[in-house]
Every structure is written in C-alpha cells, then in structure tokens.
Amino acid sequence: MAIEVNGKTVELDEEGYLVNLSDWSKEAAQMLADQDNLKLTDSHWEVITFLRDYYDEYQIAPAVRVLTKAISKKLGPDKGSSKYLYELFPYGPAKQACRFAGLPKPTGCV
Amino acid sequence: MLHIVNKSPFDRNSLQSCLRLAQPNDAILMYEDGIYAAFKGTVIENDIQTTLSKCKMYVLKPDFEARGMNEGNVIPGIQSVSYSEFVDLTVQYSPVQAWL
Amino acid sequence: MEESGAIKKFMYLNRKAPYGTIYALESLEVVLIGAAFDQEVSLAFVDDGVYQLKKDQKTTVNSGIGMKDFSKTYRALEDYDIDKLYVEKRSMEARGLREEDFIVPVQIIDSAQLSALMAQQDVILSF
C-alpha cells in the first residue's frame, strides 16, 4: 500500500500505518484521515501533536489509558477523557490517532 | 593479524580467548557488545592493560556511543575508530579472526 | 491472569545488554503489553542487563547503528505505573557503573536482597 503526498510516494503497511516515520507531514496526516472520511480540526491536531511529542520523548506510542492520563496532565482533564478522545477519533484514540500522527500502532494494541 | 570481538566480556568468554591467543603486534578491535571491555573501572580492566603492552587495541565509536558509553572513559591506549577506519584495519592486517 | 482479582507478582529479570541481541527490547515490549493487566510488576537488572539503563545512549536510525534508542522508553514506565526497578549492586560495580549512570531512578540492591525478592514472586520472566 502507498499514498501520494505532494508527488512523493509514501509507503504504508498492511494496516495503513506509515512504514517510515520520517515520511510524515501534515498533508500525509490529512490524507490518512481522508481514508477514514475524517476532516482534521484543531482539536484533532492537538492530539496528533501531543502523540508526536510523546513518541519523540519516549520512543513509543502510548496505550490508551496512558494517553488519557498524560493528556489530562498536559491539556486538562476535559481533553483527557476517553469520551472526548473517542469523539475525535471514533476508531480509537490510540489506534487511529497514532496512524494519523505517523507513529507505529501502540504496543499491545491488537 | 586482526582480532575482532563483538561479544560482551561479561556474557561470553570470546574476549578472554582472544586475549589469551593474541600474539605481540596483533591488533584487536572491539565492536557491538564487545565495546564494553574498553571502559575504565570494570573487573577486566587489568587484563586489557596487560594486553595493551603487547597489542594495539581499537574500539568502534558508533557502537559505544549507541550504548551510552563516553569516549572520556575509554581505557587510555585504546584508540576509538570509525566504520571506515575499521575497514582500513581489515585491509592492513591479515588474516582477520572474528571471535563470535 | 484468568483468575481476575488475584493480583500476582511478576518480575522481569533482564540479563542482556541492549542492541547486540533482541532480548532487552523484547522484554520491554512484554512489560508494556503486560501493563494492561493488573499485576504487581517489578523489573530487575542483573549482569549485562544493567547496561540497558545506561544513560546517554545515542543511536540514530540513519547513521550510527541504525536502531531506535529504546532506553528513552524506560522513562515512560512510570506512566504505566511501573516504578519498581532494581539494579544488582554487584553487576553494576563489576562494570564500572554507578547509580548516576542510569537514565531512570532505580533501587540498588545487594545479591541477598535480590534473591529474597525473586523468592517472593509468583512469576519470573527471564530475558
């Protein structure tokens, strides 16, 4: 699988995650969201940016319960609720948001 | 002759065998997990010191940097080398014995 | 883990240096996956396992050894409610390392303390 982003071919694995993390761009993120018929808003970007920073610091995509806890700490409890995050990312805040953020699937996610 | 060692001296006896069988004027290069032998303060530092009086010793820099080890703690007398200098050593010495 | 409610003590016993073999990374992944279950988890670092926690690891994917620096991930363990990290003193000292060489706070314990901790576990996972 692959998508075309600004004339460059970006490879995806069989579940739609980027093969090379360095291929990520905002355009690539929106194209991945298009596959799920989702228009990325500022609220989505806030979570995506959070995930990319988390990965940069810890080299992992966090599990959902870790993500909610960490977001509560940084962006406030309203945004750290599962409800809020599932509304933004209906296929799962860890699974789907990580895909848009260009990260691997969270460890332990099936 | 060039000896190359890629196993930790604390996990396998590869380095001990190498040190026992190396001849004066041989060169010994430590890489991958073998780099742990090249640092000060370990229980094998004395064996390394003894070997340094008869052999040249080298340690591969990208491998020890990856493992969080610092050039300043390399035992004096051991020279740190890049990948291309590693290649030069394999050209300069013959044969090459890999202590796997 | 099918006995829900019964909290068991799990110890991950790490004895290999990172990068040279896959054991260290595998152990860490199992720790993260296992954290989804309610268990009392501890990590012990023995023999070359103490090198896993060495700070200042500089790996790069495009140059150097071409691998991810997973030592950063040990700093995320507290987010996973894992805060019992033990380093065997003898293993640390044999390698010329000191407590301040580690990337995360650890408890330095002697061999007798480690034996006692191991004896208290329900399960020991060895890597």
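Can you sort C:THR59, B:THR50, C:THR21 from fewest to most other Cβ atoms within 10 Å of each residue's own Cβ?
Lowest to highest Cβ neighbour count: B:THR50, C:THR21, C:THR59.
Given the options B:ALA27, B:ALA66, B:ALA38, which has the most mean-square fluctuation in a GNM of chain B, springs set between C-alpha atoms less than 10 angstrom apart?
Comparing B:ALA27, B:ALA66, B:ALA38 in a Gaussian network model of chain B, the most mobile one is B:ALA66.
Starting from the amide H of B:GLN79, placed 1.01 Å from N in the peptide plane, find each other amide H under 5 Å away whose residue is 5 or more places distant or on another chain.
B:MET57, B:TYR58, B:VAL59
Take the alpha-carbon centre of the range C:79-127, take the same for the range B:45-65, and report the distance between them in whole Å.
If you average the Cα positions of each part, the centres end up 29 Å apart.
Just want to confirm a number: the relative contact order over chain A, from Cα pairs under 8 angstrom separated by 6+ residues, in percent.
The value is 29 percent.
Please list 3J(HN,Hα) in residue order for the range C:118-127, calculated via the Karplus relation 6.51 cos²θ - 1.76 cosθ + 1.60 where θ = phi - 60°; whole Hz, with x for glycine and proline.
Karplus values, whole Hz, x for Gly and Pro: 4, 5, 7, 7, 7, 9, 10, 9, 9, 10.
Taking the Cα centroid of the range C:24-43 and of the range A:1-74, what is the distance between the two, rounded to the nearest whole Å?
25 Å
Taking Rh as the Kirkwood radius computed over C-alpha pairs, what is the Stokes-Einstein D of chain A at 10 °C in a medium of viscosity 1.306 mPa s, expressed in µm² per second?
114 µm²/s
Out of all DSSP beta bridges with both ends in chain B, state the antiparallel percent to the nearest 5.
Percentage antiparallel, nearest 5: 5.
Report, for the protein assembly as shown, the % of DSSP beta bridges that are antiparallel, rounded to 5. Mind dumping the intermediate values first?
Details: 7 of 39 bridges.
Roughly 20 percent of the DSSP beta bridges within the protein assembly as shown come out antiparallel.
Here, each number is a calculation from the coordinates, and none is a lab measurement. Owing to the predicted nature of the structure, the values given are computational and were not obtained by experimental measurement. All Cβ positions, glycine included, derive from the backbone under ideal geometry; neighbour counts span all protein chains shown.
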